[in-house]
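For reference, the structure is listed below as structure tokens.
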């Protein structure tokens, strides 16, 4: 069924990097969610009114509210697909993350409500009557919600969508809570203890934990996070594939929504190079990264000395000294300004994020002392930074 819907309603479904294809995936998921929840709402409401069951009617209203998540998904994808303009030159892709955050809040709201009702059942036990009709309706709801969860998981992973993965979690939570209701009905036939209440508390806590997890996943790209290791490794491999580029550093990837990223890096080239020719190589590298990854890359060129034995020896000395202090340290942008009384060693050091101001000062002091032991004229000019 999932493959049929994708192939039927999403032209060019294979090209998940295309913004229009992503939008169609998101809208398809949203409409499927609306239709499934509307179906469950209609069936449960009709049976609830015919049988006079308040619980079934109440669950029908819950399915109606679940449709709100689907509507949020549709709005999020429509906004994310808007073309860039003067106010937002990088587009509206992050709207999808905002939609996912809204869905996470709905998940946590359901968790809090379920926790409240479960505690109430423990404090005020009540007999839970087993009804074949009610059990059948709940079983149907489980099957529909389970399929919705698998459907959203398939599409969410295909287009790497936080909002669809949040919708998947919402459906799975519904499967779990409905299963608890059925378990409580069955347990109520054998014991007077509020088994469903105790299990409900555990499930409610799980739902709250899952909702918080979804919120963190959608907040991370909104706040700004480090480069994805796989994307960073691919960019590094592509750029270093050009023999004129001997090293890279300071790679930064800015995420403006799924499939919309801007990156920058420093490329090290020999200072003896023909810089007109190297500039052409830089252009080719930027173009290749765009073609292979869909990431718009800007490269800053750093000339470095490779043929001066004294500079190379000093660079090796600094690298060895750094590693002796902390194996996690690395260095780049090394330059040496020579003089008779003073030799400036200018370089940047990448340090771990957990370094405190005291650690930083100790590093500067120890590194300077160790280098001066090798040559009193050495004057390290150190810039400390974190890996992006």
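The values are calculated or read from the model by the stated rules, or taken from the named source; none is laboratory data. Just so you know, these numbers come straight off a predicted model, no measurement behind them. Using ideal geometry, Cβ is built from the backbone for each residue, glycine included, and neighbour counts are taken over all protein chains shown.
Laid out as a table, the results:
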{"item": "Set 74, 142, 122: member being in contact with a helix residue (DSSP H, G or I) (Cβ under 8 Å, 6 or more places away or on another chain), farther than 18 Å from residue 172 by Cα and modelled with pLDDT of 85 or more", "result": "74"}
{"item": "Condition check for residue 180: in contact (Cβ under 8 Å) with a residue 24 or more places away in the chain and in a helix (DSSP H, G or I)", "result": "no"}
{"item": "Matching helices (runs of 4 or more DSSP H) fully within the stretch 266-379 where at least 2 residues are free of Cβ contacts under 8 Å to residues at least 24 places away in the same chain, surrounded by fewer than 18 Cβ atoms within 10 Å (Cβ to Cβ) and outside the structural domain of residue 238 (by TED's automatic domain parsing)", "result": "309-325, 357-374"}
{"item": "Residue identified as touching a residue at least 40 places away in the same chain (Cβ under 8 Å) and surrounded by 16 or more Cβ atoms within 10 Å (Cβ to Cβ) among 208, 262", "result": "208"}
{"item": "Restricting the stretch 28-38 to residues that are in contact (Cβ under 8 Å) with a residue 12 or more places away in the chain and surrounded by fewer than 18 Cβ atoms within 10 Å (Cβ to Cβ), the residue that is nearest to residue 94 (Cα to Cα)", "result": "31"}
{"item": "Per-region count, the stretch 183-235, residues within 13 Å of the chain's Cα centre (by Cα) and part of a loop (DSSP other than H, G, I, E, B)", "result": "5"}
{"item": "In the stretch 45-63, residue modelled with the lowest pLDDT [restricted to those that are within 17 Å of residue 171 (Cα to Cα) and buried (at least 16 other Cβ atoms within 10 Å of the Cβ)]", "result": "59"}
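Residue by residue, here is whether (1) outside any helix (DSSP H, G or I); (2) outside the structural domain of residue 171 (by TED's automatic domain parsing); (3) surrounded by 15 or more Cβ atoms within 10 Å (Cβ to Cβ); (4) in contact with a strand residue (DSSP E or B) (Cβ under 7 Å, 6 or more places away or on another chain) holds:
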{"position": "84", "(1), (2), (3), (4)": "yes, no, no, no"}
{"position": "101", "(1), (2), (3), (4)": "no, no, yes, no"}
{"position": "111", "(1), (2), (3), (4)": "no, no, yes, no"}
{"position": "118", "(1), (2), (3), (4)": "no, no, yes, no"}
{"position": "121", "(1), (2), (3), (4)": "no, no, yes, no"}
{"position": "133", "(1), (2), (3), (4)": "no, no, no, no"}
{"position": "137", "(1), (2), (3), (4)": "no, no, yes, no"}
{"position": "141", "(1), (2), (3), (4)": "no, no, yes, no"}
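Residues checked against (1) under 16 Å from the mean Cα position of the chain (by Cα); (2) within 22 Å of residue 204 (Cβ to Cβ):
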{"position": "143", "(1), (2)": "no, no"}
{"position": "163", "(1), (2)": "yes, no"}
{"position": "173", "(1), (2)": "no, yes"}
{"position": "181", "(1), (2)": "no, yes"}
